[in-house]
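Undergrad: Can you keep this structure in mind? I'll have questions shortly.
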Amino acid sequence: MEVAPGELDLAGQPYAIAGGARARLDLSHSSRGYALRLRFTAHVAGPCMRCLDGADVAVDVDAREVDQPAEGDEELLSPYVADSELDLAGWAHDALALALPAQLLCRPDCRGLCPVCGASLNDVDPAEHEHPAEPDPRWAKLRELKLD
């Protein structure tokens, strides 16, 4: 089935799910409730977390939920099942957010931005991109000191 997890907002940056996702939902009914499993791959698109260029990362999601209202235990109730109806979009959104890698990068070897001038280090040769080291102004008086 098609699932629409919706847009994610990470650190104030919007990340879109490119084209939705084709999901597989496994549902097992027991005498006490349900066991649910949701699997899909989503392409998350947004700014790279190192260089701010566009990133498109495939994220595999494999989430499980249990809903056993007959037990009376709050731990066995799924927040995504209400009145025997599953909130698939909400579950897919939360499962995708939990499955995201620590950093969404434009490529695995992204070198980020130069901390001095802000240029993308992916586009420049490291040997040619140098900044002269400026002396620390807090040591200026010590440089004036003449020892004989």
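The values are calculated or read from the model by the stated rules, or taken from the named source; none is laboratory data. What you are looking at is a predicted structure, and each value in this text was computed from that prediction instead of being measured. A quick note on method: Cβ atoms are made from the backbone with ideal geometry, for glycine too, and the neighbour counts reach across all protein chains shown. We work out accessible area using only protein heavy atoms, side chains counted, and drop any ligands, DNA or RNA first. Shrake-Rupley method; radii C 1.70, N 1.55, O 1.52, S 1.80 Å.
Undergrad: Taking the stated definitions as given, is Asp94 farther than 16 Å from Ala35 by Cα, among the charged types (D, E, K, R) and open to solvent by 30 Å² or more (accessible area, probe 1.4 Å)?
TA: On the way: farther than 16 Å from Ala35 by Cα: yes; among the charged types (D, E, K, R): yes; open to solvent by 30 Å² or more (accessible area, probe 1.4 Å): yes.
In short, yes.
Undergrad: Given the conditions (1) part of a strand (DSSP E or B); (2) open to solvent by less than 30 Å² (accessible area, probe 1.4 Å); (3) not aliphatic (A, V, I, L, M), report the number of the one that Pro5 does not fulfil.
TA: Among (1) part of a strand (DSSP E or B); (2) open to solvent by less than 30 Å² (accessible area, probe 1.4 Å); (3) not aliphatic (A, V, I, L, M), the lone unmet condition for Pro5 is (1).
Undergrad: Now for a different question. If I ask for residues that are in a strand (DSSP E or B), surrounded by fewer than 17 Cβ atoms within 10 Å (Cβ to Cβ) and either modelled with pLDDT under 95 or at positive phi (or both), which ones from region 61-80 would you list?
TA: Of all residues in region 61-80, those in a strand (DSSP E or B) come to 61-67.
Within this subset, residues satisfying the condition of being surrounded by fewer than 17 Cβ atoms within 10 Å (Cβ to Cβ) are 62, 64.
Residue satisfying the conditions is Arg64 alone.
Undergrad: How many of the residues making up region 100-117 are open to solvent by 40 Å² or more (accessible area, probe 1.4 Å) and without any contact (Cβ under 8 Å) to a residue 60 or more places away in the chain? Step through it out loud before you land on a result.
TA: The initial filter retains those residues of region 100-117 that are open to solvent by 40 Å² or more (accessible area, probe 1.4 Å), namely 101-103, 106-109, 111, 113, 115-117.
Still in the running and without any contact (Cβ under 8 Å) to a residue 60 or more places away in the chain: 101-103, 106-109, 115-117.
Residues that pass the stated criteria total 10.
Undergrad: How many residues does region 14-51 hold that are over 26 Å from Ala119 (Cβ atoms), free of Cβ contacts under 8 Å to residues at least 60 places away in the same chain and either in contact with a Ser or Thr (Cβ under 9 Å, 6 or more places away or on another chain) or not small (Gly, Ala, Ser) (or both)?
TA: So the answer is 16.
Undergrad: Could you identify the single residue in Asp83, Asp87 that is surrounded by 14 or more Cβ atoms within 10 Å (Cβ to Cβ) and of a type in the set (D, E, K, R)?
TA: Exactly one residue qualifies, and that residue is Asp87.
Undergrad: Tell me, please, whether a residue that is part of a strand (DSSP E or B), in contact (Cβ under 8 Å) with a residue 60 or more places away in the chain, on the phi < 0 side of the Ramachandran plot and open to solvent by less than 90 Å² (accessible area, probe 1.4 Å) can be found in region 52-59.
TA: Of all residues in region 52-59, those part of a strand (DSSP E or B) come to 54-59.
After this cut, where a residue has to be in contact (Cβ under 8 Å) with a residue 60 or more places away in the chain as well, the list is none.
Looking for residues that are part of a strand (DSSP E or B), in contact (Cβ under 8 Å) with a residue 60 or more places away in the chain, on the phi < 0 side of the Ramachandran plot and open to solvent by less than 90 Å² (accessible area, probe 1.4 Å), one finds none in region 52-59, hence no.
Undergrad: Could I ask something else about it? Being over 22 Å from the mean Cα position of the chain (by Cα) and modelled with pLDDT under 90 is the filter here, so list the residues in region 1-26 that pass it. Before you say what the answer is, go through the steps one by one.
TA: From region 1-26, those over 22 Å from the mean Cα position of the chain (by Cα) are 1, 25-26; that's our starting set.
Scanning region 1-26 gives a single hit, Met1.
Undergrad: Follow-up question, since we're still on this one. Please enumerate the residues belonging to region 20-51 that are buried (at least 18 other Cβ atoms within 10 Å of the Cβ) and of a type in the set (A, V, I, L, M).
TA: Of everything in region 20-51, those that are buried (at least 18 other Cβ atoms within 10 Å of the Cβ) and of a type in the set (A, V, I, L, M) turn out to be Ala21, Ala23, Leu36, Leu38, Ala42, Val44, Met49.
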